[in-house]
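The values are calculated or read from the model by the stated rules, or taken from the named source; none is laboratory data. Because the structure is a prediction, the values reported are computed rather than measured. Cβ placement follows ideal geometry from the backbone for every residue including glycine, while neighbour counts extend to all protein chains displayed.
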Amino acid sequence: MSADLVTSPDPSHPANLIPSLCAKFWHLGWVTGTGGGCSIRDDDLVYIAPSGVQKELMKASDLYVLSLAAQQSASLSRRQRVYLRAPESGLKPSQCTPLFLAAFTKRRAGCCIHTHSQWAVLVTLLLEAGSGEKEFRINNIEQIKGFGRGFEKSGNLGYHDTLVIPVIENTAHEEDLTEFLEEAMDRYPDTYAVLVRRHGVYVWGENVHKAKTQCESLDYLFQLAVEMKKLGLPWITQIEPVVPTRTE
Ligand SMILES: CSCCC(=O)C(=O)COP(=O)(O)O
Ligand SMILES: [Zn+2]
């Protein structure tokens, strides 16, 4: 097992970034009680956290590393995954691994974050209590501009655009969510996130910066949406664009 893959003095090395990001996410209530986490892809190398650990206390030496190409070409089942590097202790890789790999292979993401944020869970409960809706939709909120237009599209959504996030149903085991996450990615080719009912959300981006800022924007919108619902305010509104009058 190579320690070199996770040993670097550079704070932006994926092996150092995953523990530092997870510590930040813990303070946001995103990875409480071992649930949730994040994974980073650096070209062919994928860095994965261990399962069931206190994510805010994780160290670089706790991480697993695998080759995406080797994983794909060998068509290995989830139980046969071969790691280039694994921690020495008796840990297991994150149960979210196949879901993170879906974001890396189907969307060429550079980072995928899974949160158990209560705001994400509450939004799925509100949708369920409505008419069991399979989408979260919101428009005319400035923070929507924090999202890219979609996979292989340039630019971000605009203020008047509608942000649509698909919802999949939870399963008894995290890994069993994979096929439903992949289906949602196929049905919503431009989405950067998938909500999991009564569980949380998966958010990705082409790099760590984009995954993190999209996850932050989404959490902001989920919290806002919950508060709007309490006040009886609609998530979708018809607002005519304001055209500025220019004085010469
Ligand atoms: C209380 S955590 C239940 C399992 C889960 O939802 C999850 O996200 C676990 O992730 P891990 O990386 O710890 O396998
Ligand atoms: Zn989870």
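Below are the figures for this structure:
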{"read-out": "Selected residue (criterion: nearest to ligand 1 (Cβ to nearest atom)) from residues of the stretch 69-111 that are at pLDDT below 95 and not in a loop (DSSP other than H, G, I, E, B)", "value": "Arg78"}
{"read-out": "Test: residue in the stretch 48-62 that is of a type in the set (Val, Ile, Thr), closer than 18 Å to Glu175 by Cβ, assigned to a strand (DSSP E or B) and touching a Pro at 6+ places or on another chain (Cβ under 9 Å)", "value": "yes"}
{"read-out": "Search result, residues across the stretch 193-232 that are on the phi < 0 side of the Ramachandran plot, in a strand (DSSP E or B) and under 10 Å from the mean Cα position of the chain (by Cα)", "value": "Ala193, Val194, Leu195, Val201, Tyr202, Val203, Trp204, Gly205"}
